[in-house]
Amino acid sequence: NAGVTQTPKFRVLKTGQSMTLLCAQDMNHEYMYWYRQDPGMGLRLIHYSVGEGTTAKGEVPDGYNVSRLKKQNFLLGLESAAPSQTSVYFCASSPWPQGTQYFGPGTRLLVL
Amino acid sequence: GQQLNQSPQSMFIQEGEDVSMNCTSSSIFNTWLWYKQDPGEGPVLLIALYKAGELTSNGRLTAQFGITRKDSFLNISASIPSDVGIYFCAGPRRSAGGTSYGKLTFGQGTILTVHP
């Protein structure tokens, strides 16, 4: 039981490049979330999903897209990376809305 | 908006000392959560509070849900080196229809350093 895993762990992009961050959970959780963490700002919600095939915008969705084609996977895409998207990205999952959110180890992204 | 303000922003303490930190909001929260983030890791839930006035302990950690529902406090007793990390408060972020769908608003965190 691996919990929540994220790939890659670290990535460097040039401005304008695209990439996809993968989050996988093996706990059969319905709810999944993508956050970004910046120094002094805590974690901010980018997008979330309440079940397979659903996605919704969070607090800071601009510049990101997501997909939840399979229940266990939640993908975060950057179509054209910008330096402002340099951050640490965390994925989380939860069995129900009020349930504990279990976080992955994070992906560190540097956009030059 | 539903903003959470944590204080202090950072703390440098000696091993064995007690620690207190708090979280305040201009909005009412019905649930308060306290997370800890170890260096290089994702946050882990420490304590969840669901009722105004509630006092809950988890080992050396004690958290309280403020009576006004606009604040919460976390205390750590007899700190040890492994208490090092960032402590976040968080609460459900409500949508226009009143449903949070588990969306969380996080405070900016309190960075704790413990000197042996």
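The values are calculated or read from the model by the stated rules, or taken from the named source; none is laboratory data. Quick caveat, the model's predicted, so the values are computed rather than measured. With ideal geometry, Cβ positions are generated from the backbone for all residues, glycine too; neighbour counts draw on all protein chains shown.
A few remarks follow.
- Odd one out for A:Val12, checked against (1) within 12 Å of chain B (Cβ to nearest Cβ); (2) part of a strand (DSSP E or B); (3) among the aliphatic types (A, V, I, L, M); (4) loosely packed, with under 15 Cβ neighbours inside 10 Å: (1)
- Residue selected from segment A:86-102 under the condition buried (at least 19 other Cβ atoms within 10 Å of the Cβ), modelled with pLDDT of 95 or more and not aliphatic (A, V, I, L, M), by the criterion farthest from B:Leu49 (Cα to Cα): A:Ser87
- The requirement of being over 25 Å from A:Gly40 (Cβ atoms), exposed (fewer than 12 other Cβ atoms within 10 Å of the Cβ) and either modelled with pLDDT of 95 or more or of a type in the set (A, V, I, L, M) (or both) is fulfilled nowhere in segment B:37-52; no residue meets it.
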